[in-house]
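Coordinate-derived values only; no laboratory data. Bear in mind that the values here come from a model prediction, so they are computed numbers and not experimental data. Backbone-built Cβ (ideal geometry, glycine too); neighbour counts: all protein chains shown.
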Amino acid sequence: MAEIEKCDFKTHVTCFGRAVIEMRELRKMSREQLAKKSRVKLTMLTKIEEGKITGDDFGLQEICRLSNGMGITPYCLMLKWEQLVKDAGEAWW
């Protein structure tokens, strides 16, 4: 497996935030609705969606809560993230 460069990591963080936005918007949910339903603080959700947070600040628990709040599986959310990364041309796997 190739080593992740700093710019690659930022792409992955940005793509994850974009995946959350796209899945949320498909469900016609506001950021506030998703934060409340998923029990993730609005400030954290905003940082995730804007790509201003790292894996040091959130993890599997938040991924599961966000997915559950949208009525999807974590697998579905991660598939969306993976597709966005591939589309960005920055996949490292």
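The residues Ser67, Ser30, when put in order of fewest to most other Cβ atoms within 10 Å, stand as Ser30, Ser67. Here region 8-88 yields Rg over Rh of 0.92, to two decimals, using C-alpha coordinates and the Kirkwood radius.
The fewest-to-most ranking of Glu25, Glu62 by surrounding Cβ atoms within 10 Å reads Glu25, Glu62. Extending 7 Å from Cα along the Cβ direction at Lys37 and again at Tyr75 yields two label points whose distance is 2.1 nm.
Springs between Cα atoms under 10 Å define the GNM used for the chain, and in it the highest mean-square fluctuation of Ile48, Ile21, Ile72 occurs at Ile72.
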